[in-house]
Amino acid sequence: MLAITKKKIRRVSFFGDADAKRTDQHYIDAFDTAKLLAENGYIIVNGGGPGVMLASTLGAKAGGGKVEVVIINEKINMGKNYEGTSDKNEGSVDRIYTTETIQDRTEKIVELADAHIVFKGGTGTMAELALVWEKAKFEYGKHEPLIFFGDCWKKTIEVLVENLDFDRIERKVYAFANSPEEVLKIIKKKKSLKKKENIGMVGKFKELVDSF
């Protein structure tokens with residue numbers, strides 16, 4: 001449940017699967033979400049690579065928006081398992097920032113963006129969202145919204161929160177979305193959307209407790 005934040009949102013980062021293909025649903029979702037956000041004046045930020053990163057760049061450009069990417073110095077050998085940068089991505093953006101390590105790249109993306117959307121991904125995506133989540137806790141009240149896109153994340157995060165030692169604030173800095181329209185509404189309202197469902201007396205009591 002994303003508690004309301006005073007953070008002014010101008011830039012939105014996209015994290016997710018670097019191996020996503022154009023026919024994959026999470027690629028399509030990233031493209032459509034970036035397009036809608038760009039049409040509403042938001043600047044898109046990503047890591048300059050393929051997959052979800054490329055989808056967000058192309059989507060933003062289709063929506064007439066701006067894109068800023070953060071890449072690792074191409075002279076540095078990151079090994080064969082690093083996804084690298086995408087020429088198509090780099091060639092489409094408005095500004096490129098260069099860093100020296102994967103950690104620096106992630107930190108720069110988080111520094112630039114005011115809200116973050118996480119699509120289906122792997123270990124790299126998990127590492128990125130961990131940094132965003134921790135930062136949101138430290139800045140609670142002016143935290144940067146963390147939005148998990150898709151049912152895969154809802155199930156995963158619910159299990160994590162249920163089984164690990166997440167405190168009250170750590171449970172109040174993220175939201176779930178299943179469509180670009182939901183993402184836009186969350187970013188504009190800067191809090192979770194109210195779902196119309198029967199949660200019972202226990203659920204209502206929990207919501208009341210969480211509101212303090």
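The values are calculated or read from the model by the stated rules, or taken from the named source; none is laboratory data. As the structure is a computational prediction, the values presented were derived from the model and not from experiment. Here the Cβ is made from the backbone with ideal geometry for all residues, glycine too, and neighbour counts use every protein chain on show.
Note on segment 113-212: enclosed helices (runs of 4 or more DSSP H) holding 1 or more residues that are under 14 Å from Ala3 (Cα atoms) and either among the aliphatic types (A, V, I, L, M) or modelled with pLDDT of 95 or more (or both) are 123-138, 180-189, 200-210.
Hey, among the residues in segment 60-75 that are in contact with a Ser or Thr (Cβ under 8 Å, 6 or more places away or on another chain) and surrounded by fewer than 16 Cβ atoms within 10 Å (Cβ to Cβ), which one's nearest to Leu112 (Cα to Cα)?
Asn73
Considering only residues in segment 76-98 that are within 22 Å of Arg10 (Cα to Cα) and touching an Asp or Glu at 6+ places or on another chain (Cβ under 9 Å), the one that is surrounded by the fewest Cβ atoms within 10 Å (Cβ to Cβ) turns out to be Arg95.
For segment 36-52, residues that are within 15 Å of Phe119 (Cα to Cα) and touching a helix residue (DSSP H, G or I) at 6+ places or on another chain (Cβ under 6 Å) total 5. Restricting the first member to segment 77-94 and to residues that are touching a residue at least 12 places away in the same chain (Cβ under 8 Å), and the second to residues that are basic (Lys, Arg), the beta-carbon pairs closer than 7 Å and six or more apart or on different chains are Ser92/Lys61; Asp94/Lys66.
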